[in-house]
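Report on the structure given below.
The values are calculated or read from the model by the stated rules, or taken from the named source; none is laboratory data. Quick caveat, the model's predicted, so the values are computed rather than measured. Neighbour counts are summed over all protein chains in view; Cβ atoms, including those assigned to glycine, are modelled from backbone coordinates with ideal geometry.
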Amino acid sequence: MNALFPIVFLLTGAQPFKITTMELAAVFLPYIFVVLYILRASSGNTLTFKALAFSMSGFNIHLQALIEVLSGKKATFTITSKRALSGNFMHLVSPHIFYAFLFLAALAIALAREGLSPAVANNMAWALINCAVFTPFIIAALPKKQISEKQVGATIRHESGHKTQITNLSITQS
């Protein structure tokens, strides 16, 4: 939900928090350290950009689960395929793409309203970070193209003069 704060500011100029810097730091710093600790612990004690992207980009899944719990709806769980699935999964990232376009529209409104003020620059940076974090999730959902096996082949020449012929490879572009 905090991804919406910069959008709301850029669209309306409304500030989500009207507190001093010290009060904000007193609340934000413990929050962010706990979040980063939980993220690190849940991703095998490594904190990577991919882990952050996966965690933040799953917001629509988390919201759907929360709505199902609050409404008392029986939860369903689909078992994940053990093989790579192919196809078009853009419907899964439509909220992320919508966010990026909404950010661009909101930024135009904010720049027209008050120019590149420090508040606009700060919220623009916040929304850009969100878009950057969503990008790997969006890329993963893009349809993959399969190259024909007949089109792929290679010859590797070793320093010793030997040749290794590679044929019939199946390569998926990403």
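Quick grid of which residues meet (1) at pLDDT 90 or above; (2) hydrophobic (A, V, I, L, M, F, W, C); (3) surrounded by 12 or more Cβ atoms within 10 Å (Cβ to Cβ); (4) over 30 Å from Gln15 (Cα atoms):
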site	(1), (2), (3), (4)
Lys74	no, no, no, yes
Phe77	no, yes, no, yes
Ala84	no, yes, no, yes
Phe98	yes, yes, no, no
Leu107	yes, yes, yes, no
Lys144	no, no, yes, yes
Ala154	no, yes, no, yes
Gly161	no, no, no, yes
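Any residue in segment 52-61 that is in the same structural domain as Gly115 (by TED's automatic domain parsing), loosely packed, with under 12 Cβ neighbours inside 10 Å and part of a helix (DSSP H, G or I)? Yes. Scoring Ser94 on the criteria (1) at pLDDT below 90; (2) not in a helix (DSSP H, G or I) leaves a single failure, condition (2).
Listed conditions (1) surrounded by fewer than 13 Cβ atoms within 10 Å (Cβ to Cβ); (2) assigned to a helix (DSSP H, G or I); (3) modelled with pLDDT of 80 or more are all met by Leu116, apart from (2).
Among the listed residues Leu47, Leu39, which satisfies the condition of being farther than 20 Å from Ala127 by Cβ, in a loop (DSSP other than H, G, I, E, B) and in contact with a Leu (Cβ under 7 Å, 6 or more places away or on another chain)?
On the way: Leu39 fails: in a loop (DSSP other than H, G, I, E, B).
Answer to the check: Leu47.
Those residues that are among the charged types (D, E, K, R) and under 25 Å from the mean Cα position of the chain (by Cα), I need them from segment 23-40; list them, please. Walk me through how you get there before you give the answer.
The first filter runs over segment 23-40 and keeps only residues among the charged types (D, E, K, R), leaving 23, 40.
Arg40, the sole residue that qualifies.
I want to confirm something. Restricting to segment 1-22 and keeping residues that are modelled with pLDDT under 85 and in a helix (DSSP H, G or I), which single residue is farthest from the chain's Cα centre (by Cα)? Even if it seems obvious, please write down each step before you answer.
First pass over segment 1-22, keeping only residues modelled with pLDDT under 85: 1-4, 15-22.
Narrowing further to those that are in a helix (DSSP H, G or I): 4, 21-22.
Values: Leu4: 14, Thr21: 28, Met22: 30 Å.
Per the criteria, the residue is Met22.
For the structure I just gave you, tell me whether Phe33 is assigned to a helix (DSSP H, G or I) and either among the polar types (S, T, N, Q) or within 27 Å of Leu104 (Cα to Cα) (or both). Considered against the rule, which asks whether it is assigned to a helix (DSSP H, G or I) and either among the polar types (S, T, N, Q) or within 27 Å of Leu104 (Cα to Cα) (or both), Phe33 comes out as no.
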